[in-house]
1. Got a number for residues in the stretch B:63-72 being in contact (Cβ under 8 Å) with a residue 24 or more places away in the chain and more than 8 Å from every other protein chain (Cβ to nearest Cβ)?
2. Report yes if B:D121 is among the acidic types (D, E), within 14 Å of chain A (Cβ to nearest Cβ) and within 21 Å of B:P239 (Cα to Cα), otherwise no.
3. Taking only the stretch B:83-140 into account, find how many residues are of a type in the set (S, T, N, Q) and farther than 17 Å from B:G194 by Cα.
4. If you check B:I266, B:I232, which single one turns out to be surrounded by fewer than 23 Cβ atoms within 10 Å (Cβ to Cβ), part of a strand (DSSP E or B) and of a type outside the set (G, A, S)?
5. How many of the residues in the stretch A:182-211 are part of a loop (DSSP other than H, G, I, E, B) and within 11 Å of chain B (Cβ to nearest Cβ)?
6. Give the stretch A:66-94 a look and list any residue that's within 10 Å of chain B (Cβ to nearest Cβ), out of contact with any Gly (no Cβ under 6 Å at 6 or more places or on another chain) and buried (at least 24 other Cβ atoms within 10 Å of the Cβ), or say none.
7. Kindly indicate which of B:K227, B:K259 is of a type in the set (K, R) and either part of a helix (DSSP H, G or I) or more than 30 Å from B:V113 (Cβ to Cβ) (or both).
8. Please find, among B:Y82, B:Y116, B:Y150, the residue that is under 16 Å from the mean Cα position of the chain (by Cα), buried (at least 22 other Cβ atoms within 10 Å of the Cβ) and within 8 Å of chain A (Cβ to nearest Cβ).
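The values are calculated or read from the model by the stated rules, or taken from the named source; none is laboratory data. Remember, predicted model here, so these are calculated numbers, not experimental data. Cβ atoms come from the backbone with ideal geometry, glycine included; neighbour counts cover every protein chain shown.
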Amino acid sequence: MTETKLMKGNEAMAEAAILAGCDAYFGYPITPQSEVLEYLAREMPKHNRIVMQAESEVASINMVYGAAGAGFRAMTSSSSPGISLMQEGISYIAGAELPCLIVNVNRAGPGLGTIQPGQGDYFQSVKGGGHGDYKMIVLAPASVQEMADFVYLGFDLADKYRNPVLMLSDGAIGQMMEKVQFKPYTRPAVDKSWATTGKPKTRNRNYITSLFIQPERMEQHNLKLEEKFKKIRENEVRFEEINTADAEYLFVAYGLSARICQKAMDIAREKGIKIGLLRPITLYPYPYKRLEELTAQVKMMLSVELNSGQMVEDVRLAVNGKVPVEFYGRMGGMMPTPEEIVHHLETLIQYHHAN
Amino acid sequence: MPTEEHVLPDTALDLIAPACHDEEEYEMVYHKPSTMVNVVMHYCPGCAHSLVHKLIMEVVEEMDIQEKTIGIAPVGCSVFAYEYMDIDMQEAAHGRACAVATGIKKLMPDKYVFTYQGDGDLAAIGIAETLHAINRGENILIVFMNNAVYGMTSGQMAPTTLAGMHTTTSPDGRDVSYYGAPIKVSELMANLPGAFYVTRQAVNSANAVRRTKKALQNAFKYQQLHKGTCLIEIIGNCPSNWKMTPVEASKFIDEEMVKTFPLGDIKVPKGV
């Protein structure tokens, strides 16, 4: 039987990285995720793995580029300002099609912001972040258990699609302690014959690049990437539904917001409001189709986020005006109470009933 | 009207390759290294890059380490180095070559890893990655091509641009009271304990080419020792952006560049 442990989200993620066979971790200290680097600095050498505190996030993401380009399982983690610094490298990694795992323990911004949790990096995560046409697969954990599970999933998806995967957590999920189980994991066999390991006489040279100076070749590369992103959209949408079977109203929330909405849902249901929750697990690809289906059933959707209203734009794209889509959010590291959300929900229901 | 002496031969080729009478009469004394891809390079006439590419690949061929060598191409004129060097390579973002090299070398410590970087790439945007890689004593070779300008973007001022030197962004000459003096990267980096071998060379004459080749041979051999970073700065000719003929550019190195960037060894390991 798998042992149950009590761990911080950041440490569970670090432990999962070791169990997932992560060959190298490159990072730079930043609150609220410095435990990852600290944990791995202590534990990785015991497994003969590489861990390095880089001189900056700019350097750490490029060390990931080098290691991933040489065919190794490489990862980095940071928090919002550090992830901003990595955007150049992420764009190059996506352009050069290198598999790797990047974790953002989201804090509140903009700028230096605060070290408290936030979800203000949604747009940066799912709409681009760096320059050029690319997408990352974005996984949003809502528990310490998922912070561990999504390390395995993230590495596997990265290898499967030769694409960077971002785990978008936040300062609360990263810092809180919960029970976690590390499930047995078998690493799928992946062909990495493209890696730069040194050219034997028996094959042509491998090179890792995102440079295609002739427009015709660049467009071909863009189209190849788009084909990959289309496959990802078709095959990798993940979400969780709670109480949607009879729902007349729907919370849409991910990560920490989804945890708070679960409690808000319980309170609202006790009051007789039939509300369900759809929790996107992949923020890219986004569960547009399921949200569109639910418009046949619910009267209103309420997107709850720790930002000024970012994911709500994707909910509106999915719903396409068929039912009202509302937003409620707190910012600056402040979290709404479940009661606060229910109060807002009740006000909205009254408003839409009257109009 | 051309006089009789100026009449061109039937084919221009006759000028450079007089008809070879009998191949068996000649012994092949020089060939392009097998570690080079046999294509025409995009570099300007008189540019140092093609020569230095070839020297590196000659060393890789002589040491028979093609299977163990990974190069990092920069952003700059030599961004397409992987089109010419027949080895596994990674193209790095502008300035990040030493971070990429660190990622590779840490995981494959027994491979030969080198970066190939210009002065804009290494000395401006990438100086942090370079300094920290050397300070960690990453067991890599950094080939630092210093031609005192940004070549690929056509001749802007670099951190290494000589005092008073005219570039497209210092049209009245580099004003050191405004932009500071040219950075002497090799002298700066040689101070770091992680630097194992630091030398500054050129390729503007046959003797200079021989010395550069020797430096590259040393550096590749030193990589087997796992003792620290090798930095070879090469003063590169850039006739196009210096607005000179190739011959003038070679002279400019001897007469002007070496005043700021004196050639020779800066840090040499003892007893190896």
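1. Pass one, the stretch B:63-72, residues in contact (Cβ under 8 Å) with a residue 24 or more places away in the chain: B:63, B:65-66, B:68-72.
Subsequent filtering for residues that are more than 8 Å from every other protein chain (Cβ to nearest Cβ) retains B:63, B:65, B:71.
Residues that pass the stated criteria total 3.
2. yes
3. Number of matching residues: 2.
4. Result: B:I266 is the single residue among B:I266, B:I232 that is surrounded by fewer than 23 Cβ atoms within 10 Å (Cβ to Cβ), part of a strand (DSSP E or B) and of a type outside the set (G, A, S).
5. Here the count works out to 16.
6. Of everything in the stretch A:66-94, those that are within 10 Å of chain B (Cβ to nearest Cβ), out of contact with any Gly (no Cβ under 6 Å at 6 or more places or on another chain) and buried (at least 24 other Cβ atoms within 10 Å of the Cβ) turn out to be A:A68, A:G69, A:A70, A:F72, A:A74, A:G89, A:Y92, A:I93.
7. The conditions single out B:K259.
8. Numbers: B:Y116 fails: within 8 Å of chain A (Cβ to nearest Cβ); B:Y150 fails: within 8 Å of chain A (Cβ to nearest Cβ).
None of the other options fit; the residue is B:Y82.
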